[in-house]
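K.L.:
Quick one: this structure, given as structure tokens, is what I'll be asking you about.
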Ligand code: NAI
């Protein structure tokens, strides 16, 4: 692998939360160039970066977006496939359109971005990290769509690791437990909890104490550092791994 200043890094879901923290960390590590993808065009444009970045505003589940990225960015060295949405409903109340929306973003989008990354790495090798979730490992009521999508991401990463190995491409997944990011703000249960506790910070703290042995949720920069480790040559012999980073929640 070339040194970081010569590397091009793809990050999806780059405009917020874990993705934005990964972008900030890779900047600090001196990455050469970015290819950034997010649905939120204004937030993507607002990222103030010290290195060149090609920004693609669009839906990761849209094959046309990936056709455009593939022709504009024939070479990638690093990829953090991270865009995702949350959703919660018991199966008996699950609306099929909601199910499709979650599976489309979290799994179809992951396959399309993975395919693009592996094609763009096939000549020189590379390193991919996919953001799964502990919900893809541990069953909880209400997580059917989200958990199924993330279980799919974990298996996708393992298959990709086997296919990528002969090409010098490592593929790993990170499976965080709760992380304090804006993803929670769209979850009705969380909004109720924030109202009950008086602030979103208090609600995050309360959720962290509930079932996580370490007693708190992670920060986005902590997950970014775990992703950066898997991306880096320090993890050169690691592929097909799922780094469960959940404060002990799944134990
Ligand atoms: P976030 O909501 O802060 O960031 C997600 C980003 O993805 C946003 O900028 C959003 O605009 C973008 N995005 C959403 N749908 C998209 C689409 N169809 N196409 C392109 N971009 C899209 O959330 P967070 O927490 O940073 O999430 C990142 C990843 O981490 C997700 O895959 C999520 O499932 C996963 N995760 C998050 C956890 C948490 O507690 N925050 C726990 C475990 C996993």
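K.L.:
Can you give me the distance in nm between label points at residue 6 and residue 163, each placed 7 Å from the Cα along the Cα-to-Cβ direction?
P.N.:
Between residue 6 and residue 163, the label points sit 2.8 nm apart.
K.L.:
Okay, next question. With all distinct Cα pairs included, what does the Kirkwood hydrodynamic radius of the range 163-210 come out to in Å, to one decimal, could you say?
P.N.:
12.9
K.L.:
Using a Gaussian network model of the chain with C-alpha springs under 10 Å, which one of 200, 55, 170 is most mobile by mean-square fluctuation?
P.N.:
200
K.L.:
Roughly how compact is the range 54-132, stated as its Cα Rg over 2.2 N^0.38 Å to two decimals?
P.N.:
So the range 54-132 has a normalised radius of gyration of 1.24.
K.L.:
Placing one identical point scatterer on every Cα of the range 167-251 and ignoring solvent, what is log10 I(q)/I(0) from the Debye formula at q = 0.20 Å⁻¹?
P.N.:
So the normalised log intensities work out to -0.91.
K.L.:
If I model a spin label as a point 7 Å beyond the Cα along the Cα-Cβ vector, how far apart are those points for residue 41 and residue 139 in nm?
P.N.:
A separation of 4.3 nm, rounded to one decimal place.
K.L.:
Okay, moving on. Among 34, 229, 56, which one shows the biggest mean-square fluctuation in a GNM of the chain, springs joining Cα atoms closer than 10 Å?
P.N.:
229
K.L.:
Rounded if a/c is under 1.5, else prolate if a/b is larger than b/c, else oblate: which is the range 1-77, with a ≥ b ≥ c the root eigenvalues of its Cα gyration tensor?
P.N.:
oblate
K.L.:
Oh, and also: Can you give the FRET efficiency for residue 155 and residue 49, using 1/(1 + (r/R0)^6), R0 = 35 Å, r = Cβ-Cβ distance, to the nearest 0.05?
P.N.:
0.55
K.L.:
Turning to a different aspect of this structure: Compare the peptides 205-216, 75-86 by average per-residue count of other Cβ atoms within 10 angstrom and give them in order, highest first.
P.N.:
Descending packing order for the listed peptides: 75-86, 205-216.
K.L.:
A further question on this structure: Based on a Kirkwood Rh over C-alpha pairs, give the Stokes-Einstein translational diffusion coefficient of the range 79-195 at 20 °C and viscosity 1.002 mPa s in µm²/s.
P.N.:
So the translational diffusion coefficient is about 143 µm²/s.
K.L.:
Taking the C-alpha atoms of the range 105-154, how large are the radius of gyration and the largest Cα-Cα span, Dmax, in Å?
P.N.:
Gyration radius and largest Cα-Cα distance of the range 105-154: 13.0, 44 Å.
K.L.:
I'd like the distance separating the alpha-carbon centroids of the range 127-180 and the range 90-123, in whole Å.
P.N.:
11
K.L.:
Just to be sure I follow: if Rg is taken over the C-alpha atoms of the chain and Rh is the Kirkwood radius over the same atoms, what is Rg/Rh?
P.N.:
Result for the chain is an Rg/Rh of 0.96.
K.L.:
While we're here: Calculated from DSSP H runs of 4 or more alone, at -39500 (n - 2.57) each and per residue, what is the 222 nm mean residue ellipticity of the chain, nearest 500?
P.N.:
So the helix-based figure for the chain works out to -12500 deg cm²/dmol.
K.L.:
Continuing with this model, one more query. What FRET efficiency, computed as 1/(1 + (r/R0)^6) with R0 = 30 Å and r the Cβ-Cβ distance, is obtained for residue 214 and residue 29, rounded to the nearest 0.05?
P.N.:
0.70
K.L.:
Here's a follow-up. Let me check against my output: what whole-number percent is the relative contact order of the chain, with C-alpha pairs under 8 Å and at least 6 apart?
P.N.:
About 20 percent, as a whole number.
K.L.:
Highest GNM mean-square fluctuation, the chain, Cα pairs closer than 10 Å: which of 171, 31, 51?
P.N.:
51
K.L.:
Once you have the Cα-Cα distance between residue 238 and residue 197, take 0.36 nm times their residue separation minus that, and quote the gain in nm to one decimal.
P.N.:
Length difference between fully extended and current span is 10.6 nm.
Bear in mind these aren't lab numbers, they're just calculated from the coordinates by the rules spelled out. On a predicted model such as this, the values are computed, not experimentally measured, just so you know. Backbone-built Cβ (ideal geometry, glycine too); neighbour counts: all protein chains shown.
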